[in-house]
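The values are calculated or read from the model by the stated rules, or taken from the named source; none is laboratory data. None of the values given here were measured: they were computed from a predicted structure. Cβ: placed from backbone, ideal geometry, glycine included. Neighbour counts: every protein chain shown. Side chains included, ligands, DNA and RNA excluded: accessible areas come from the protein's heavy atoms. Shrake-Rupley method; radii C 1.70, N 1.55, O 1.52, S 1.80 Å.
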Amino acid sequence: MDPQTQNTSLQRLQNVERRVVRVLDIAGGVMDELASPSGPKKEFVNSHCREFMQSMKDIQVTLREEIKSACEYRPFEKCDYNARIANEICLQKLEYVLTQLDDLKQTADRYPSSS
């Protein structure tokens, strides 16, 4: 995730945080209205409940998108560490085989050929 994408992601999450606070404020307003000694105003409760539900849906969609985006982020996807280590190991194995072959050649050279 490049810094620009990370920054916009954080901005979206901060926006969600503000919307969550707003939703809690709406819910608190509805609770106050329901507890009103003169009785709740149906229009007020209905409009605030609709706003609450719509805000919750919007928050849910945004959070799903952010989670999906975060899951797609693979920081080591383009890393060649594993390939470099595998090559280094292969190189060391080849060097070992070459030394063994040199030792084998020296041993064979000590004996006279049978031809």
Which whole-number percent gives the relative contact order of segment 12-77, counting Cα pairs below 8 Å spaced six or more residues apart? 40 percent
For Pro40, net neighbour charge (Lys/Arg +1, Asp/Glu -1) across residues whose Cβ lies under 14 Å away: -1
Where nothing but the Cβ of Lys and Arg (+1) and of Asp and Glu (-1) is charged, how large is the charge dipole of the chain around its Cα centre, in debye to the nearest 20? 380 debye
Averaged per residue, what accessible surface does the chain expose to a 1.4 Å probe, in Å²? 86 Å²
State, as an integer percentage, the relative contact order of the chain based on alpha-carbon contacts under 8 Å between residues 6 or more apart. 27 percent
How would you rank 86-93, 58-65, highest first, on the average number of other Cβ atoms within 10 Å across their residues? 58-65, 86-93
Taking every C-alpha to C-alpha distance in segment 19-72 and binning by 5 Å from 0, the per-bin percentages run 4, 20, 22, 17, 12, 9, 7, 4, 3, 1, 0
Report in % the part of the accessible area of the chain that belongs to carbon and sulfur, leaving out ligands and nucleic acids; probe 1.4 Å. 58 percent
What residue among Asn82, Asn46, Asn15 shows peak mean-square fluctuation when the chain is described by a Gaussian network model with Cα springs under 10 Å? Asn82
Given the -39500 (n - 2.57) contribution per DSSP H run of 4+ residues, what per-residue ellipticity at 222 nm results for the chain, rounded to the nearest 500 deg cm²/dmol? -29500 deg cm²/dmol
Tell me, what is the 1.4 Å probe accessible area of Arg22, in Å² to the nearest 10? 100 Å²
For Cα extents along the principal axes in Å, one of (1) 119, 25, 17; (2) 41, 30, 22; (3) 34, 30, 25 was computed from the structure I shared and the rest are decoys. Which label? (1)
For segment 24-115, listing chymotrypsin sites (Phe, Trp or Tyr not before Pro) in a DSSP loop whose Cβ sees at most 16 other Cβ atoms within 10 Å gives Tyr73, Phe76
